[in-house]
1. Report every pair of residues separated by at least 6 positions or lying on different chains whose Cβ atoms are under 7 Å apart, first residue within segment 119-135 and under 9 Å from L83 (Cβ atoms), second in a helix (DSSP H, G or I) and of a type in the set (K, R).
2. Applying the selection to segment 50-76, what residues are closer than 15 Å to L126 by Cα and at pLDDT below 90?
3. Let me spell it out: the conditions are (1) modelled with pLDDT under 95; (2) assigned to a helix (DSSP H, G or I); (3) touching a Pro at 6+ places or on another chain (Cβ under 9 Å), and I300 meets all of them except one. Which number is the exception?
4. Report, by residue number, each residue of segment 27-79 that is in contact with a Gly (Cβ under 9 Å, 6 or more places away or on another chain), without any contact (Cβ under 8 Å) to a residue 60 or more places away in the chain and of a type in the set (A, V, I, L, M).
5. Given the condition under 17 Å from the mean Cα position of the chain (by Cα), on the phi > 0 side of the Ramachandran plot and at pLDDT below 90, answer yes or no: does some residue in segment 225-239 qualify?
6. Does I11 satisfy the criteria of being touching a strand residue (DSSP E or B) at 6+ places or on another chain (Cβ under 8 Å) and within 26 Å of S248 (Cα to Cα)?
7. Applying the selection to segment 246-284, what residues are among the aliphatic types (A, V, I, L, M), in contact (Cβ under 8 Å) with a residue 60 or more places away in the chain and in a loop (DSSP other than H, G, I, E, B)?
8. Can you tell me how many residues within segment 310-344 are under 26 Å from E217 (Cα atoms) and at pLDDT 95 or above?
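The values are calculated or read from the model by the stated rules, or taken from the named source; none is laboratory data. Remember, predicted model here, so these are calculated numbers, not experimental data. Using ideal geometry, Cβ is built from the backbone for each residue, glycine included, and neighbour counts are taken over all protein chains shown.
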Amino acid sequence: MDLPLWLTAIIAFVIVNFMLVSASVLVYAERKVSGYIQNRPGPNRVGPFGFLQPFADVVKLLFKEDIVPEQSTRFIHSLAPVLMVVIAMTVPAMIPFARGFVIADPEVGVLLILALTSISVYGVTLAGWSSNSKFSLLGGLRSSAQMISYELSMGLAVVSVILITGSLSVVDIVESQADGWALLGWNVIRNPIGALIFIITAFAETNRAPFDLPEAEQELVGGYHTEYSGMKFGMFFLAEYVNWFVASFVIVTLFFGGYLIPFEPLFADAFYANGLGWLLGILQFLCLMAKVSFFVFVFIWVRWTLPRFKYNQLMTIGWKYLLPLALVNAIVIAIIVAVVKSVF
């Protein structure tokens with residue numbers, strides 16, 4: 001159903017602030033998990049258990065000097081981080097957090113998500129070019145080539161989901177996974193190869209290790225944001241963590257049942273019959289966050305487990321392995337769907 005405009009505005013305000021706070025929580029989680037993986041304590045000084053360390057970092061960035069290279073293109077240099085943050089904050093508008101709790105559910109919601117995530121490459125490329133630094137420029141070029149290469153495989157993985165669901169609506173994709181007690185109907189079970197491809201490409205699209213070639217400190221100092229400082233660097237930092245968080249949401253939404261609670265069809269009607277639909281909505285949101293938290297942990301786990309690829313390896317994986325596999329998977333899914341529809 002269509003929500004009133006004032007309620008949509010409130011939901012949007014809540015989600016934007018939720019994403020802002022979540023970035024700080026993700027920074028803390030990554031530092032703590034990294035500490036445990038490397039057998040060290042992690043942040044433990046600022047606040048209880050070091051929980052206020054990310055907020056201390058924000059205060060530090062606020063007071064740091066904003067240094068702009070003299071030969072840079074100043075307007076583009078300032079525009080790039082803003083573009084990254086705006087795009088990162090826009091994508092959650094299409095993510096359903098519970099049944100009926102979504103800002104926008106256009107009929108082509110999946111295409112909008114892919115389009116918005118594709119635009120983020122402009123922020124990285126413009127940042128690299130406008131800085132007038134060879135390290136920044138090389139980082140920007142690496143990012144554009146990497147994201148274009150892996151977007152093809154990601155798009156084909158999404159196409160396989162659309163073929164199974166028969167809809168481009170994100171909400172329809174989630175609800176279609178309610179088959180098999182909202183567990184056996186997950187797209188990761190019906191389409192495991194597509195899920196694997198999408199997860200791998202999500203790492204590449206968010207520039208997370210082992211696909212963090214655009215930053216590559218050992219080679220490029222800091223890549224596309226080498227010449228950034230203060231809150232402009234902080235905005236890149238924020239966008240990176242929000243994109244990582246949003247990627248986890250998209251993975252869960254497309255392949256792991258989204259907000260659906262396992263075995264939900266068995267008891268959902270009882271909640272609605274007793275006027276407890278709001279409680280079911282809260283449980284759906286908590287279930288979604290539990291699934292997303294798992295993939296947040298996977299992102300961190302992979303970072304401290306696998307070494308960074310060389311650039312030729314990165315391109316080889318994208319073009320020689322993932323793209324053909326994604327294409328074959330989409331064709332096979334299309335044939336299976338066509339056969340099933342003709343028989344039943």
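1. none
2. The initial filter retains those residues of segment 50-76 that are closer than 15 Å to L126 by Cα, namely 68-69, 71-76.
If the condition is that a residue be closer than 15 Å to L126 by Cα and at pLDDT below 90, then V68, P69, Q71, S72, T73, R74 are the ones that fit.
3. It is condition (3) that I300 fails.
4. Listed by number, the residues that qualify are A56, L79.
5. Step one: filter segment 225-239 for residues under 17 Å from the mean Cα position of the chain (by Cα), giving 235-239.
Imposing the further condition that a residue be on the phi > 0 side of the Ramachandran plot reduces the set to none.
No, segment 225-239 has no match at all.
6. Details: touching a strand residue (DSSP E or B) at 6+ places or on another chain (Cβ under 8 Å): yes; within 26 Å of S248 (Cα to Cα): yes.
Taking the combined requirement at face value, the residue satisfies it.
7. L260, I261, listed by residue number.
8. First, the residues of segment 310-344 that are under 26 Å from E217 (Cα atoms): 310-319.
From what's left, at pLDDT 95 or above: none.
Total satisfying the criteria: 0.
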